[in-house]
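Visitor: One structure, as structure tokens, below. Some questions next.
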Amino acid sequence: MAKPISLEKILFSQGFGTRRYCADLVYADLVKVNGVLAEDPEERIDTEGLMLNVDGKDWEYHERAYIVFNKPMNYECSHKTTHHASVYSLLPAPFVERGLQCVGRLDYDTTGLLLISDDGQFIHKMTTPKRNIGKVYEITAANAITQSQVDHLLNGVVLDDDPRPCYATACHPISENVLAMTIVEGRYHQVKRMMAAVGNHVAKLHRTQIGAYRIPKDLPEGQWRWLYPDDLRQLSQSVDAN
């Protein structure tokens with residue numbers, strides 16, 4: 001069991017500002033701990049199941065942040081954007097303050113499942129191809145997707161900047177021009193370039209799944225939620241390629 005931590009340090013760890021500012025939040029009667037108004041920023045608190053309320057907003061304590069975000073169109077996965085707004089602008093300010101990063105990136109015009117965390121080891125594990133964690137994309141193509149194109153994707157295509165072929169590990173046709181495709185790498189614009197290499201064009205791209213974890217059907221675009229131990233286990237499981 002984790003040792004109790006001072007309330008000031010807890011607030012700081014969650015991204016509510018500097019240690020001094022966090023203490024001032026308590027002195028200003030803006031912090032509740034498990035529903036009870038806090039008075040002393042040095043009070044040591046048990047973090048197990050801790051629920052904070054800061055300036056009227058509930059905040060669930062997590063030592064490390066793991067969240068799922070349903071990325072909308074026309075947002076960039078970067079703190080320093082070029083032509084579009086940042087996905088971080090849609091997240092609570094404490095997440096930005098504590099340095100959360102996207103686990104891999106989706107293009108500005110790609111939607112769907114995006115993981116965000118402040119755990120560097122988790123980010124590395126989820127992005128390295130060595131772990132063989134599949135990512136499933138729902139591709140809406142400009143033209144009908146032929147069996148020949150599917151076979152080509154499964155057998156491997158060579159992109160123009162790398163002689164190593166890249167493969168779809170699974171392809172499941174959904175309709176004439178919609179395909180669910182699984183990949184384990186994350187090369188630059190990989191799905192779009194793979195489709196172009198087989199003679200088609202991606203009109204719309206949506207990520208639906210990582211590992212065995214599917215984006216929640218009740219999570220609206222532009223919204224996020226915490227990931228819990230069972231969710232994290234699913235993320236590490238292999239996608240069924242059959």
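The values are calculated or read from the model by the stated rules, or taken from the named source; none is laboratory data. These figures come from a predicted structure and were not determined experimentally. Heads up, the Cβs are rebuilt from the backbone with ideal geometry, glycines too, and the neighbour counts pull from every protein chain shown. To get the accessible areas, we keep the full protein, side chains included, count just its heavy atoms, and leave off ligands, DNA and RNA. Shrake-Rupley method; radii C 1.70, N 1.55, O 1.52, S 1.80 Å.
Visitor: From the list GLU60, GLU8, GLU39, which one is at pLDDT 95 or above, touching a Cys at 6+ places or on another chain (Cβ under 8 Å) and of a type outside the set (Ser, Thr, Tyr)? Spell out how you get there, then give the answer.
Guide: Working: GLU60 fails: touching a Cys at 6+ places or on another chain (Cβ under 8 Å); GLU39 fails: touching a Cys at 6+ places or on another chain (Cβ under 8 Å).
That would be GLU8, the only listed residue that is at pLDDT 95 or above, touching a Cys at 6+ places or on another chain (Cβ under 8 Å) and of a type outside the set (Ser, Thr, Tyr).
Visitor: Here is a follow-up. Can you list residue pairs whose Cβ atoms sit under 8 Å apart, with the first residue in the stretch 209-235 being at positive phi and the second being open to solvent by 20 Å² or more (accessible area, probe 1.4 Å) and at pLDDT below 95? Count only pairs 6 or more apart in sequence or on different chains.
Guide: Within 8 Å, the pairs are GLY211/SER236; GLY211/GLN237; GLY211/SER238; GLY211/VAL239.
Visitor: Identify the single condition in (1) in a strand (DSSP E or B); (2) farther than 18 Å from PRO129 by Cα that ASP230 does not satisfy, given that it satisfies every other one.
Guide: Result: ASP230 passes all but (1).
Visitor: Out of THR47, THR82, I need the residue that is within 26 Å of ASP230 (Cα to Cα) and part of a loop (DSSP other than H, G, I, E, B). Which one? Reasoning before the result, please.
Guide: Working: THR82 fails: within 26 Å of ASP230 (Cα to Cα).
From the options THR47, THR82, the qualifying one is THR47.
Visitor: Shifting gears a bit: Only residues that are under 11 Å from the mean Cα position of the chain (by Cα) and under 23 Å from TRP59 (Cα atoms): list them for the stretch 89-104, please. Spell out the reasoning first.
Guide: To start, the set of residues in the stretch 89-104 that are under 11 Å from the mean Cα position of the chain (by Cα) comprises 100-104.
Of everything in the stretch 89-104, those that are under 11 Å from the mean Cα position of the chain (by Cα) and under 23 Å from TRP59 (Cα atoms) turn out to be LEU100, GLN101, CYS102, VAL103.
Visitor: Go through (1) surrounded by fewer than 18 Cβ atoms within 10 Å (Cβ to Cβ); (2) under 18 Å from the mean Cα position of the chain (by Cα); (3) part of a loop (DSSP other than H, G, I, E, B) for HIS124 and report which single condition fails.
Guide: (3)
Visitor: Under 9 Å between Cβ atoms, at least 6 apart or on separate chains: pull out the pairs that start in the stretch 89-107 with a residue that is under 18 Å from THR127 (Cα atoms) and end on any residue that is open to solvent by 20 Å² or more (accessible area, probe 1.4 Å) and among the β-branched types (Val, Ile, Thr).
Guide: GLN101/ILE123; CYS102/ILE123; VAL103/ILE123; VAL103/THR127; GLY104/ILE123; GLY104/THR127
Visitor: Out of everything in the stretch 162-179 that is part of a loop (DSSP other than H, G, I, E, B) and either open to solvent by less than 60 Å² (accessible area, probe 1.4 Å) or aliphatic (A, V, I, L, M) (or both), what residue ends up being farthest from GLN190 (Cα to Cα)? Walk me through how you get there before you give the answer.
Guide: Of the stretch 162-179, the ones part of a loop (DSSP other than H, G, I, E, B) are 167-169, 176-177.
Filter once more, keeping what is either open to solvent by less than 60 Å² (accessible area, probe 1.4 Å) or aliphatic (A, V, I, L, M) (or both): 168, 177.
Numbers: ALA168: 10, ASN177: 18 Å.
So the residue we want is ASN177.
Visitor: For the structure I just gave you, tell me whether ALA23 is surrounded by fewer than 16 Cβ atoms within 10 Å (Cβ to Cβ) and out of contact with any strand residue (DSSP E or B) (no Cβ under 9 Å at 6 or more places or on another chain). Lay out the reasoning, then the answer.
Guide: Numbers: surrounded by fewer than 16 Cβ atoms within 10 Å (Cβ to Cβ): no; out of contact with any strand residue (DSSP E or B) (no Cβ under 9 Å at 6 or more places or on another chain): yes.
Here the answer is no, as ALA23 does not meet what is asked.
Visitor: How many residues does the stretch 77-95 contain that are open to solvent by less than 60 Å² (accessible area, probe 1.4 Å), of a type outside the set (A, V, I, L, M, F, W, C) and at pLDDT 95 or above?
Guide: The qualifying residues number 4.
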